[in-house]
1. For region 368-446, evaluate the Debye formula with one uniform point scatterer on each Cα (no solvent term) and list log10 I(q)/I(0) at q = 0.11, 0.23 Å⁻¹, rounded to two decimals.
2. If the chain between Asp143 and Asp269 were fully stretched, how many nm would it gain, using 0.36 nm times the residue separation less the Cα-Cα distance?
3. Please report the carbon-and-sulfur percent of the accessible area for the chain; probe 1.4 Å, protein heavy atoms only, DNA, RNA and ligands left out.
4. Rounded to the nearest whole Å², what accessible area per residue is found for the chain with the 1.4 Å probe?
5. What are the extents of the Cα atoms of region 340-389 along their three principal axes, in Å, largest first?
6. Amide H of Ser139 versus every other amide H placed in the peptide plane: which residues, excluding those fewer than 5 positions away on the same chain, fall under 5 Å?
7. Pull up the cross-link candidates among the lysines for Lys352, meaning alpha carbon to alpha carbon under 25 Å and not fewer than 8 places away within one chain.
8. Straight-line reach only, C-alpha to C-alpha below 16 angstrom: list the aspartates and glutamates that Lys433 could link to, leaving out same-chain residues fewer than 8 apart.
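The values are calculated or read from the model by the stated rules, or taken from the named source; none is laboratory data. Note that this is a predicted model, so its numbers are computed, not measured. The area values use the complete protein model at the heavy-atom level, side chains included, leaving out ligands, DNA and RNA. Shrake-Rupley method; radii C 1.70, N 1.55, O 1.52, S 1.80 Å.
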Amino acid sequence: PSGPEPRRDFSNNKAMWAAVGRRTSRRGLSSLARMTPTGGVHGSSPLRPSAVSSSNSRQWRDKPLLKFDGREQYFKTGNEAVRILVEEAKRRDGDKALYLAQFEALMSSLTPVFDRAPRYAWLAKIFLEPERSIEFRVSFLDDSGSVRTHRGYRIQYSSTLGPYEGPLHLGAEVTSDNLKSMALGTTFGNALTGARLGGAAGGANFDPSRSSDAEIQRFCQSYMTELHKYIGPGTDMPSHGLAVGRAEVGYLYGHYKRISNNYSRHGRDLLWGGTLPRVEAYGYAAVHFAKHALAERGDDLRGKRCVVTGSGKTALAVADRLIALGALPLTLTDTSGFVYEPDGISQAKFQKLHQIKQERGARIGRYILASTTAKYNDPDSIFQIPCDLVFAAADSSEIDVDQAHLLADAGCKFVVDAAHAPVTPAASRALKKLGILHAPYKATLAAGAYVGAHDVLDVPKTIDDLTAKVYSDVAKTAVEYNQRGDLNAGTNIASFLQLANVMDAHGAI
């Protein structure tokens, strides 16, 4: 008889992945998984006279992938190609630990691509360097009349698919290391949506939480005085990020308009004309990605106990959307600690938390004065709380190997990135060994970037449609490359092929 398939008990991981494999194989391969323009499963079917044949593929292995200090480096396998590329990245950027960890994890995922079509290693080599890295001084007078000097950045990693697009972050911890890592991740994330956007990231080591409104305005004006030389419609479209909210976007756009004589329509185009619409986009994207991943496994979010880290724009949007879809967000965090509602955060409780976090500098701990059921910093680690899912929306590298084991002990089945690289590459590998699904930020936040850069009327529906497409492409690509269930590998391969096949037409640039 026709009708929906009955729910299955996926407590047995083998049964779960077998079901996913059957569904994916029925739908066919991802459009991104096909090795165009070469063609064929192994990238060896000639589609045009200039296409690479299987014999030509062997010839690629006879060419040196890199030349350094008079030495030519060749490879015969995908693993050897990855080793050469990673060693070169370490030679160039040995002081950038976060970037190197992300680069190595990305390249390692591409091993099966290089095995099938060696020529793609030469295209991957281009990602050793961003197209442009900009650093500059940002000086302004503080309220006491003293000159304060900070370092500003904009790293424009790739314009292969279109104008640069990516966040601006402010904070004392902002460095060229984490921004280069973010710019690389944004490049690959934007490739998944089909939005024809490149990737970039920028910001400065300035902390708005320790500054007055007048100081924030003067800082933003000084920062934009230099940044405006490198951005604009059709060139680079900065978006909001850590500690860049409505006030900062307004100040940045106001000064950009004044000194560049370029104008955006209110709510659209560059910096949205000084307003900040759709702040919920990234948080909604992470939740809807999880929704589609669970649906693939015959499950849904209703009743799921969800640990949420962070309490910024994205984390609040995650909690809000989880409540709307019937899940139970349990926590929110900031630098002072975390609040935990054992029975879940209701809509009324969420509104109180949201109100607290709208006040500049307010700490999440104030919430316990308004709730008789909330716990504060209890248990010792937020990752000891029994849960079904974790939405990591706070900091980069907040989940390491030790936290991964805590999550396994707490019964967690699914970790969803809702910030830039909140799970370290080592922790991601540990989660895989522990049988915990991990959805990487490049895939989970991709729809949020699209919505931020386009005029969208129905945000939830647009995000739901886009995340369905992104998840489908990622899952199918993982199966095609014998990485079933590995969303990290599926994400990296799918986005890389989208970029590489366009880069191939651009030549050596």
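1. -0.29, -1.02
2. Length gained between Asp143 and Asp269: 42.1 nm.
3. 49 percent
4. 42 Å²
5. The principal-axis extents, from largest down, are 30, 22, 21 Å.
6. His150
7. Lys304, Lys313, Lys375
8. Cα-Cα hits under 16 Å: Asp400, Asp402, Asp409, Asp486.
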